[in-house]
Amino acid sequence: MTLRVASAPGPLPTRDAWPVDDAARSEPTPGSDAPSPEPAPEPAPTAPTAAAAPTAESARPSGPVETARGANRSTEGAPAPGASDDVGGGPDVIRLVLPAEPDYGRIARIAASSLALRLGLSFTEIEDLRIAVDETVILLLRPEGDIGDITLEFTVEPHALVIDAVTTAGTAQHWFDVGALSRFDEIVRDTVDEHEVDEAARHVHLVKRF
């Protein structure tokens, strides 16, 4: 708090102008020619003190103040699974690149299961998705032994998990036979909502809704 005191206009009163106690005031003796003391003049009125200007500290409101960020967090609620925190942001995308070898198929299965668990899928749905991804990797490995990579891209949409897998293995020859494609279709169609195989692009598309 800041206090300001204004100065009074006019000359300051003299020492004789201050009031004297009655007991200390001397009275003239009878027959004395000394003049009687004149009454002390009243002190000059002082100007009213200017009001203290408000400072930044005094202008601050009392009590807790909630910031705009805190207010938004308390009213908006939790975001939907897979939704981005940024306004206008797109879906989450996870890309996994593996060597086209059978030993790396387990990594793809673990990644799919962990992501499905994070999205709140049931254990049955998680197992179905794991089987679909496993069969996708097996299909894209053909022909076995060919050098290349398998890329799996997981896209988390508001109510669906989309998986796109493509391989660079087997470019020198036909990369799967009719029996492999028939087996894939028979197993995967009961585990996901949508599945599609593009033989020319060596691409598998899966959709699991939740």
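The values are calculated or read from the model by the stated rules, or taken from the named source; none is laboratory data. All values derive from a computational prediction rather than experimental measurement. Cβ coordinates were reconstructed from backbone atoms using ideal geometry, including for glycine residues, and neighbour counts include every protein chain displayed.
When you scan the range 122-165, how many residues do you find that are free of Cβ contacts under 8 Å to residues at least 24 places away in the same chain and β-branched (Val, Ile, Thr)?
2
Under 7 Å between Cβ atoms, at least 6 apart or on separate chains: pull out the pairs that start in the range 81-103 with a residue that is closer than 14 Å to HIS159 by Cα and end on any residue that is surrounded by 14 or more Cβ atoms within 10 Å (Cβ to Cβ) and at pLDDT below 55.
Pairs found: PRO91/GLY82; ASP92/GLY82.
Just checking, does the range 88-95 include any residue being modelled with pLDDT of 90 or more and not in a strand (DSSP E or B)?
Yes, the range 88-95 contains at least one residue that is modelled with pLDDT of 90 or more and not in a strand (DSSP E or B).
Answer with yes or no whether ALA165 is modelled with pLDDT of 95 or more, small (Gly, Ala, Ser) and not in a helix (DSSP H, G or I).
Values: modelled with pLDDT of 95 or more: yes; small (Gly, Ala, Ser): yes; not in a helix (DSSP H, G or I): yes.
So ALA165 fits the description; yes.
In the range 186-210, how many residues are closer than 14 Å to LEU129 by Cα and free of Cβ contacts under 8 Å to residues at least 60 places away in the same chain?
So the count comes out to 8.
So, VAL156, is that one over 17 Å from LEU115 (Cβ atoms) and in a strand (DSSP E or B) or not? Before the answer, list the steps.
Values: over 17 Å from LEU115 (Cβ atoms): no; in a strand (DSSP E or B): yes.
For VAL156, the condition - over 17 Å from LEU115 (Cβ atoms) and in a strand (DSSP E or B) - is not met.
Being loosely packed, with under 12 Cβ neighbours inside 10 Å and in a loop (DSSP other than H, G, I, E, B) is the filter here, so list the residues in the range 189-204 that pass it.
ASP190, GLU199, ALA200, ALA201, listed by residue number.
Out of all the residues in the range 171-190, is one or more closer than 24 Å to GLY90 by Cα and either at pLDDT 95 or above or of a type outside the set (Asp, Glu) (or both)?
No, there is no match, as no residue in the range 171-190 is closer than 24 Å to GLY90 by Cα and either at pLDDT 95 or above or of a type outside the set (Asp, Glu) (or both).
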